[in-house]
1. For residue 71, enumerate residues with amide H under 5 Å from its amide H, sequence gap 5+ or separate chain, H modeled in the peptide plane.
2. Is the stretch 22-188 rounded, prolate or oblate when judged by the Cα gyration tensor, a ≥ b ≥ c being the square roots of its eigenvalues, rounded requiring a/c under 1.5 and prolate requiring a/b larger than b/c?
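Each reported figure results from applying straightforward, stated rules to the coordinates on display, with no laboratory input. Computed from a predicted model, the values in this text were never measured in an experiment.
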Amino acid sequence: MNDTTPAAPRVPHGPRYEIGPRLREPAEFLLELLRNRGETLAVAESLTGGLVLATLTDIPGASDVLRGGVVSYATDLKAGVLDVDAALLAAGGPVQAEVAAQMAVGVARSCGATWGLATTGVAGPGPADGHPAGTVHVAVAAADDRITPVTYLDPDLVDLAAAGADRAAVRASSVRAVLRLACDTLHAHM
């Protein structure tokens, strides 16, 4: 039998998280970790446009820990709703690690959550604000300002985006990146 299904684009692979005898995806692990700790989560998204929230809410029991989220696709919403420094946005635009960090703190505070996640970047297919497609910044922060920003630039995704590949690959990789960062951050703060 000839399988004509196109191969999925290469995306970064991080560790899988083991709980007991089973392996679980990062979203399931994150929700279980938060539930066990009695903590809550909020999400601020730009380039992912709600995909992080959708991934989390696909899991039964997400409402135990997920407080809510904000899709701040427009730059002015990052300042107005998430309390990102307007001068920072004016000076360097929305595609910065510090913007992601401030988005994460802002959403945690505005939603009354223990932790906030954030994504911002360029999904493509072309560049934006001087950044190539595939440039993504994700952050995890606690409402009390413990911040773990990560600059995430994957050359494979930049190449895929430059070649006209579906921007869905960049967005899906961004979701995985922020969920894995959240798992690693919370696990480190046990």
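1. Close amide H contacts, sequence-distant or interchain: 45.
2. Values: a/c = 1.98, a/b = 1.28, b/c = 1.55.
Oblate, since a/c reaches 1.5 and b/c is not below a/b.
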